[in-house]
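Below is one structure, written out as structure tokens, with a few remarks after it.
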Amino acid sequence: MSSSNPLRDPRDRRLPRIAGPSGLVIFGVTGDLSRKKLMPAIYDLANRGLLPPGFSLVGFARRDWENEDFAQVVHDAVKEHARTPFREEVWQQLAEGFRFVPGVFDDDDAFVKLRSTIEELDKARGTGGNFAFYLSVPPKFFPSVVQQLKKHGLSHGQGDSWRRAVIEKPFGHDLKSAQDLNQVVHEVFRPSDVFRIDHYLGKETVQNILALRFANTMFEPIWNRSYVDHVQITMAEDIGIGGRAGYYDGIGAARDVIQNHLLQLLALTAMEEPASFDASSLVTEKLKALRAVKLPKELGKHTVRAQYAPGWQGGEEVHGYLEEEGIDPHSKTDTYAAIKLEIDNRRWAGVPFYLRTGKRLGRRVTEIAVVFQRAPHSPFDATDTQELGQNALVIRVQPDEGVTIRFGSKVPGTSMEIRDVTMDFQYGESFTESSPEAYERLLLDVLLGEANLFPRHEEVEQSWRILDPIEEYWDQHGRPEQYTSGTWGPKAADEMLARDGRSWRRP
Ligand code: BG6
């Protein structure tokens with residue numbers, strides 16, 4: 001064991017990591033994401049003392065706003081959505097660094113103004129020329145924004161200063177468009193300066209998959225085809241598409257969350273131990289897992305997509321997808337998707353990974369369930385174990401973050417009856433610290449230049465390689481089935497698992 005005082009070690013990961021002099025420019029600052037997630041996260045970081053004193057925020061959008069109008073918008077967003085309490089002195093200091101640049105993306109004058117704003121902030125606030133550009137805009141605008149940044153000398157810093165690009169999903173619509181987007185961005189920014197946000201990777205419980213697997217000895221020996229029967233990854237939402245028709249229609253559940261969040265969960269669950277926790281070691285292992293993913297031959301039998309029909313949710317009657325405002329009444333877009341994947345390597349050969357997601361399902365829950373094989377032999381009578389399911393280890397990503405282990409236990413009494421019980425670890429009970437929001441963690445990492453929680457372009461492209469044939473198949477084969485809102489999805493999804501002699505968990 002090292003004799004040095006760990007508190008003195010600058011690499012000690014337990015020390016608060018505080019960003020150095022820097023600023024953030026948000027394109028598309030009037031959007032929902034910016035108001036609900038980015039602005040509150042910036043305030044929460046400032047409130048936790050993790051931003052430099054001169055931190056600066058520049059909003060860029062097509063609005064006739066002065067700096068004060070922008071500050072008011074951020075103020076309202078923070079009041080409504082921030083996680084930590086509002087403190088006037090924190091707010092005042094932060095708000096002094098707010099600037100607004102009105103303009104559209106092909107307007108040279110606006111980018112000239114952006115450049116002079118950044119130079120002014122460097123002088124007035126000591127941002128040191130270090131700026132991240134957050135593209136919270138639809139991908140069709142990426143080319144013009146990054147080209148303008150290049151043209152106006154904003155994409156590269158002087159001397160030691162840095163410039164980074166932060167990109168929000170969707171990273172394309174399929175493999176080809178993702179490759180095109182990556183090329184456009186990489187023509188201007190070095191790959192190591194591009195941070196693709198997959199906010200699931202910023203969630204505590206998702207990072208805990210790595211801790212659980214690689215900081216312990218008891219799970220890894222059974223984390224393979226010799227013991228695991230199958231894995232179920234579920235991301236269920238109770239909400240509908242809300243006001244996001246424009247984004248969602250034509251995209252659908254699989255592109256919206258399987259391509260990114262669920263395949264990242266799969267990669268973290270399936271990958272080998274990385275050589276270290278740095279970005280390139282993690283990417284290497286995640287990529288190997290994604291590259292080994294194989295689609296089943298008969299996509300009609302092993303994939304299901306569906307749309308929510310009217311129903312009841314939380315005591316309220318809700319519309320079906322086709323009746324939602326802004327949705328084409330003939331739309332074939334999936335709001336539910338379930339797929340079976342296999343991972344062709346020595347650890348996982350023959351172990352199916354079932355992924356499912358949907359809107360307007362029974363309740364909001366995201367979990368990874370590793371379901372183990374039954375005991376090869378049982379000395380008990382079949383009637384004793386009639387109610388015994390399979391052992392399972394369930395990582396609950398949200399809500400009620402934690403880990404549950406399900407195993408059989410004797411029912412108290414004179415007979416030898418065995419039933420399932422659970423052993424539960426709940427974050428809320430074991431730790432007093434509350435989890436930061438994913439965007440807090442990720443924005444801080446961008447400012448610190450730490451890339452381990454950001455998917456690289458190869459991962460994005462691998463994910464499309466997996467999804468493209470499924471989307472093509474769905475395109476060519478009829479319409480999605482309907483499922484009643486508030487239920488656990490279409491019958492076909494149950495049948496899909498039943499054919500394999502399995503069933504979905506009811507979380
Ligand atoms: C986003 C999807 O990436 O994740 C949304 O575009 C979805 O459709 C959201 O609702 C869910 O995020 P969370 O953190 O609430 O699980």
Next item on the list: Would you mind finding the one in TYR439, TYR427 that is of a type outside the set (A, V, I, L, M), modelled with pLDDT of 95 or more, within 16 Å of the ligand (Cβ to nearest atom) and within 20 Å of GLY202 (Cα to Cα)?
Entry: TYR439
Item checked: Top-ranked residue of the stretch 248-272 - restricted to ones that are touching a strand residue (DSSP E or B) at 6+ places or on another chain (Cβ under 6 Å) and more than 12 Å from the ligand (Cβ to nearest atom), ranked as farthest from GLU342 (Cα to Cα) -> THR269
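Determine if the stretch 262-271 includes at least one residue that is surrounded by 15 or more Cβ atoms within 10 Å (Cβ to Cβ) and free of Cβ contacts under 8 Å to residues at least 60 places away in the same chain. Lay out the reasoning, then the answer.
We begin by selecting, within the stretch 262-271, every residue surrounded by 15 or more Cβ atoms within 10 Å (Cβ to Cβ); these are 262-271.
If we keep only those that are free of Cβ contacts under 8 Å to residues at least 60 places away in the same chain too, we end up with 271.
Taking every residue of the stretch 262-271 in turn, at least one turns out to be surrounded by 15 or more Cβ atoms within 10 Å (Cβ to Cβ) and free of Cβ contacts under 8 Å to residues at least 60 places away in the same chain.
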Notebook entry, point to check: Taking into account only those residues within the stretch 225-247 that are surrounded by 15 or more Cβ atoms within 10 Å (Cβ to Cβ) and over 24 Å from GLU437 (Cβ atoms), which is nearest to the ligand (Cβ to nearest atom)?
Noted result: ALA245
Notebook entry, point to check: Can you name the residue in the stretch 83-123 that is touching a strand residue (DSSP E or B) at 6+ places or on another chain (Cβ under 8 Å) and basic (Lys, Arg) and, of all such residues, is farthest from ASP44 (Cα to Cα)?
Noted result: LYS113
Next item on the list: Scan the stretch 194-215 for residues that are closer than 17 Å to LYS286 by Cβ, within 16 Å of the ligand (Cβ to nearest atom) and of a type in the set (D, E, K, R) and report the count.
Entry: 3
Check: From PRO221, PRO170, PRO191, which residue is under 23 Å from the mean Cα position of the chain (by Cα) and either more than 16 Å from the ligand (Cβ to nearest atom) or crowded, with 20+ Cβ neighbours inside 10 Å (or both)?
Finding: PRO191
Note to self: Tell me yes or no: at least one residue of the stretch 223-231 is under 30 Å from TRP312 (Cβ atoms) and either touching a His at 6+ places or on another chain (Cβ under 6 Å) or not hydrophobic (A, V, I, L, M, F, W, C) (or both).
What the structure shows: no
Note to self: Condition first: in contact with an Asp or Glu (Cβ under 7 Å, 6 or more places away or on another chain), more than 16 Å from the ligand (Cβ to nearest atom) and within 19 Å of ILE222 (Cα to Cα). Now tell me which residues in the stretch 376-398 satisfy that.
What the structure shows: GLY389, GLN390, VAL394
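The values are calculated or read from the model by the stated rules, or taken from the named source; none is laboratory data. Every value quoted in this text rests on a predicted model; they were computed, and no experiment measured them. Note that each Cβ is placed from the backbone with ideal geometry, even for glycine, and that neighbours are counted across all protein chains shown.
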